[in-house]
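One structure is given below, encoded as structure tokens.
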Amino acid sequence: MNITFFQPQKPLRLIGTSKLLAVTLANLVLLPLSASAVEPIETKAGMETRPADDKNTAKPKAKTDKKAAAASPQPSSLGETTTLKTMTVTGAAEYDPEDPFNTDYVLPTATAGTKTDTPIMETPLNVQSVSKQVLTDQQVISLDQALRNVSGVTMKAHGVNSVNNGINFGINYPTPVIRGFASQTFFRNGFRLQDNSAARQFSNVESVEVLKGPAAILYGQVEPGGMINIVTKKPQAIPYYSLTQQFGSYDLFRTSIDATGPVGKHDDLLYRINYSYQNSNSFRDLVYTDDVFVAPSLKWIISPKTWVSVDMEYDRNNNGYDSGFIPMYKGKILKTPFHYNWGELSPVRQETYFGNITWAHQFNEAWSVKHQFSVNRATGDSDLFFPYYPNNKGLVENIHAIYNNRNNTFSTNLDLTGHFDTGGLKHTLLLGGDYYHLDAAITSASTPKFKPGKDFFHPIHEPFVAPQVKLATIQFNYQQTDQYGLYAQDQIKLPYNIHLMGGLRYQALSQVPSVHKFYDPATTIPSSEDAVTPRVGVLWQARPWLSLYANYVESFGPNVVSSPGVLYGSNKPIPATGASQYEFGGKTEFFDGRLRTTLAYFDLTKNNIAVNLPQSLGLGGGCGNYTCYLLISEAQSQGIELDIQGEILPGWQVITTFANTHVKVTKGDETGLFGNPGQQLFGVPIDTASFWSTYNFQQKWLRGFMVGGGLTFQGKQYAFIDQNAPLTVSSPFKVAGFQTVSLVTAYSRDVGAAKVSVQLNVENLLDERYFTGLTVENANKYGEGGAYGVYGTPRTFMGQIRIQY
């Protein structure tokens with residue numbers, strides 16, 4: 001028998017960390033020298049300064065109306081004075097982040113860090129933003145694509161057991177990992193969404209913010225690696241309309257509409273509506289997407305000091321599930337057709353309804369209040385086939401399972417913000433509270449393993465009759481979570497450009513899981529905990545272009561697990577997890593804020609990490625209907641992160657990221673089976689990097705053309721060993737690294753009052769085959785085993801035609 005193993009392409013070598021730091025420090029010294037030589041010329045020739053109340057931030061000069069400029073007389077010769085007629089200059093201020101025609105890669109502020117409009121250069125935190133121009137240039141239609149532009153963020157695949165998570169609906173969407181720890185909680189305009197919202201549509205997304213490190217002080221239950229905040233498009237006073245048609249590989253067809261402006265002649269009533277329809281197949285067999293998304297928004301400006309907005313979102317998604325099964329033989333990945341889906345046709349249907357009401361009032365120049373309330377209902381129905389490695393030599397086995405999910409959440413938040421002085425010190429005080437409630441109900445049933453006829457070495461989909469689900473296998477899972485918190489934060493501006501930040505949060509958490517099978521009574525194990533967590537930071541703006549900062553943060557929140565469970569050996573509820581972090585870094589801004597660099601070192605420690613107890617260790621049982629979990633006592637993540645984004649020269653935009661992350665177990669679990677001290681945590685590559693650059697031609701005869709490209713690199717990582725033997729657990733499997741190359745070209749021009757643009761993107765230009773994260777399963781006595789992961793997308797093309805008015 002001829003057996004061929006999968007051979008990943010040899011990854012590029014990254015320069016050493018010490019060399020990277022040397023290059024970065026050299027840039028920090030040389031860039032201000034070049035900036036000082038260029039800035040005075042730009043300021044005189046093409047910049048104007050905002051009034052003092054706008055913090056004297058320079059902005060690009062408004063674009064001059066071509067007709068008005070052509071009609072104005074010009075001096076006939078040197079030394080001759082000509083009096084020009086008064087003319088009106090019109091244009092869009094390019095630093096308005098909500099301007100639909102804004103082309104900036106750098107945003108001046110990000111509210112995720114402090115919930116205030118504090119400039120990033122005055123915030124002692126590491127906050128990164130992905131602007132809408134980046135999303136446009138890269139044709140981003142999913143969250144994982146956007147997060148490639150932020151250092152220290154990767155995507156981790158779920159194992160097959162993750163489908164027990166009632167919010168995931170059985171869909172194998174990868175989970176973002178920030179600074180080594182998975183983050184399944186997302187925020188929308190600083191307000192909590194349901195967990196596992198990584199699959200949300202992007203037609204109404206303005207930008208994406210990532211706050212590095214624990215963010216629990218302002219947001220409660222958040223993984224310590226960081227939080228992801230989705231900033232949505234807001235109603236605008238100036239009418240704007242956009243129609244975008246995208247088409248690409250694997251029969252991708254996506255239409256999106258964006259419209260905003262006043263309602264009729266009412267300047268105090270603004271609307272915005274975003275719509276998208278996406279239909280596509282996949283490079284993987286039996287996988288498809290059919291999605292409809294609509295997001296209306298209405299804003300009523302009651303007075304210059306008071307406004308209220310109502311936002312709604314509806315998403316209906318039908319798709320084909322892919323478990324991501326990867327065949328392995330004697331510990332190596334087999335080379336099989338990359339398109340082959342080892343499961344069978346597994347339809348999934350999801351519906352999500354979201355509503356939000358926000359109102360704000362400005363009492364005076366110093367004090368304001370803002371209140372939000374949201375309701376979210378999500379439903380999912382799945383009819384799935386899970387492939388498993390052969391129990392005996394020969395045929396891959398499957399399990400037929402049905403999942404029905406219903407999840408309801410509602411949450412509210414109130415913030416009071418004040419600005420005042422005490423003894424010459426300027427304060428920005430934030431007082432607030434929040435409450436979050438989740439009801440998650442899951443009904444599931446499955447069949448024993450059966451063999452549909454797929455040969456392990458020669459896979460072919462053969463006709464088969466699936467066994468029927470039996471009533472005795474039906475299981476009901478229910479989870480109720482309540483959390484509320486009170487917090488206070490003070491930002492103080494001291495002399496000599498020193499900025500202090502300090503805050504405290506009190507958080508209370510209550511959970512009531514309930515599990516029972518069809519013939520068994522329900523059992524519940526309620527738990528409740530509370531804690532007070534601090535956050536302190538200091539920043540010194542040594543120069544207008546240079547800030548140095550440090551912070552210390554703690555967090556507290558529930559362990560997020562794939563299914564309701566208890567601790568092995570004690571049957572006690574899984575305790576909350578906590579974390580603490582020290583961070584030091586520096587930020588630079590050049591060319592009036594159009595180019596920003598952030599360099600940071602962090603030391604993050606997380607405790608009480610829940611791990612599913614592998615069944616094949618022979619230690620399972622004794623947990624009743626609940627899943628058994630072990631606790632890794634402590635894990636530490638240390639690393640260096642570099643982010644560079646912005647405009648180097650007129651028309652030349654760039655994004656560069658690098659992260660070197662070491663995540664290791666420092667205190668193992670009490671059984672000694674998992675988490676030996678010094679062991680690298682699974683699913684986290686040590687080295688990651690990305691580069692993206694575009695150039696819009698400035699020459700008159702080429703104006704409107706744009707070209708660009710990028711590179712994404714991810715180093716080796718350890719796989720998660722799921723349901724395996726102790727010998728394999730102590731001998732972890734390494735997942736090969738990869739790199740992909742992308743290209744873009746576009747052309748735009750004005751056609752009457754409209755702007756028309758065409759664009760073509762190519763992803764994975766070199767057509768590399770790779771996997772992002774693996775969960776390795778057991779093997780039979782013949783060495784036939786398997787893993788679960790996300791198959792990397794091969795070379796793809798995506799075209800776009802857009803009309804804006």
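The values are calculated or read from the model by the stated rules, or taken from the named source; none is laboratory data. Keep in mind that this is a model prediction, so the values were computed, not measured. Ideal geometry is used to build each Cβ from the backbone, glycine not excepted, and the neighbour counts take in all protein chains shown.
If we scan region 404-422, do we find a residue that is at pLDDT 95 or above, more than 30 Å from LYS454 (Cα to Cα) and of a type in the set (D, E, K, R)? Checked against the condition, which is being at pLDDT 95 or above, more than 30 Å from LYS454 (Cα to Cα) and of a type in the set (D, E, K, R), region 404-422 yields at least one hit.
Listed residues ALA378, ALA360; which is in a strand (DSSP E or B) and either under 26 Å from the mean Cα position of the chain (by Cα) or of a type outside the set (A, V, I, L, M) (or both)?
Working: ALA360 fails: either under 26 Å from the mean Cα position of the chain (by Cα) or of a type outside the set (A, V, I, L, M) (or both).
After applying the criteria, what remains is ALA378.
Considering each residue of region 454-468 in turn, at least one proves to be touching a residue at least 12 places away in the same chain (Cβ under 8 Å) and in a strand (DSSP E or B). The residues listed here are ASP421, ASP415; of these, the one that is within 25 Å of the chain's Cα centre (by Cα), of a type in the set (D, E, K, R) and closer than 30 Å to ASP490 by Cβ is ASP415.
Could you go through region 320-339 and let me know if any residue there is of a type in the set (Lys, Arg) and modelled with pLDDT of 95 or more. Checked region 320-339: no residue is of a type in the set (Lys, Arg) and modelled with pLDDT of 95 or more.
For (1) without any contact (Cβ under 8 Å) to a residue 40 or more places away in the chain; (2) in a strand (DSSP E or B), each residue gets a yes or a no:
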| site | (1), (2) |
| --- | --- |
| LEU548 | yes, yes |
| SER563 | no, no |
| ASN571 | no, no |
| ALA579 | no, yes |
| LYS587 | no, yes |
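Scanning region 405-452 for residues that are in contact with a strand residue (DSSP E or B) (Cβ under 7 Å, 6 or more places away or on another chain), outside any strand (DSSP E or B) and touching a residue at least 60 places away in the same chain (Cβ under 8 Å) yields a single hit, LYS449. For LEU630, the test of being in contact with a strand residue (DSSP E or B) (Cβ under 9 Å, 6 or more places away or on another chain), modelled with pLDDT of 85 or more and assigned to a strand (DSSP E or B) is failed. The condition of being buried (at least 17 other Cβ atoms within 10 Å of the Cβ) and aromatic (Phe, Trp, Tyr) holds for only one of TYR549, TYR506, TYR519, that being TYR549.
When you scan region 181-198, how many residues do you find that are modelled with pLDDT of 75 or more and in a loop (DSSP other than H, G, I, E, B)? Don't jump to the end; show me each part of the working.
Filtering region 181-198 for residues modelled with pLDDT of 75 or more gives 181-193.
Those left that are additionally in a loop (DSSP other than H, G, I, E, B): 183-185, 189-190, 193.
So the answer is 6.
Count of region 402-447 residues, restricted to those that are of a type in the set (D, E, K, R) and closer than 21 Å to ALA366 by Cβ, is 3. Residue count for region 469-481 under the criterion of being closer than 30 Å to LEU504 by Cα and in contact (Cβ under 8 Å) with a residue 60 or more places away in the chain: the result is 2. Entry remark, region 451-460: residues being at pLDDT 80 or above and surrounded by fewer than 16 Cβ atoms within 10 Å (Cβ to Cβ) number 4 in total. On the basis of being crowded, with 16+ Cβ neighbours inside 10 Å, at pLDDT 90 or above, on the phi < 0 side of the Ramachandran plot and of a type outside the set (A, V, I, L, M, F, W, C), does ASN364 make the cut? No, not satisfied. Tell me yes or no: at least one residue of region 668-688 is among the small types (Gly, Ala, Ser), modelled with pLDDT of 90 or more and in a loop (DSSP other than H, G, I, E, B). Checked region 668-688: no residue is among the small types (Gly, Ala, Ser), modelled with pLDDT of 90 or more and in a loop (DSSP other than H, G, I, E, B).
Within the bounds of region 251-264, is there any residue that is touching a helix residue (DSSP H, G or I) at 6+ places or on another chain (Cβ under 7 Å) and at pLDDT below 95? Scanning region 251-264 turns up no residue that is touching a helix residue (DSSP H, G or I) at 6+ places or on another chain (Cβ under 7 Å) and at pLDDT below 95. Tell me, please, whether a residue that is basic (Lys, Arg) and under 22 Å from VAL294 (Cα atoms) can be found in region 208-231. Checking region 208-231: not a single residue is basic (Lys, Arg) and under 22 Å from VAL294 (Cα atoms). Within region 755-765, the presence of a residue that is among the hydrophobic types (A, V, I, L, M, F, W, C), touching a Gly at 6+ places or on another chain (Cβ under 6 Å) and buried (at least 17 other Cβ atoms within 10 Å of the Cβ) is excluded. Return yes or no: is TYR496 surrounded by fewer than 21 Cβ atoms within 10 Å (Cβ to Cβ) and under 30 Å from GLY624 (Cβ atoms)? For TYR496, the condition - surrounded by fewer than 21 Cβ atoms within 10 Å (Cβ to Cβ) and under 30 Å from GLY624 (Cβ atoms) - is not met.
Quick check, is GLY343 among the small types (Gly, Ala, Ser) and assigned to a loop (DSSP other than H, G, I, E, B)? It is true that GLY343 is among the small types (Gly, Ala, Ser) and assigned to a loop (DSSP other than H, G, I, E, B).
Residues that are under 30 Å from ARG769 (Cβ atoms), surrounded by fewer than 16 Cβ atoms within 10 Å (Cβ to Cβ) and among the aromatic types (Phe, Trp, Tyr) within region 275-317 comprise just one, PHE283.
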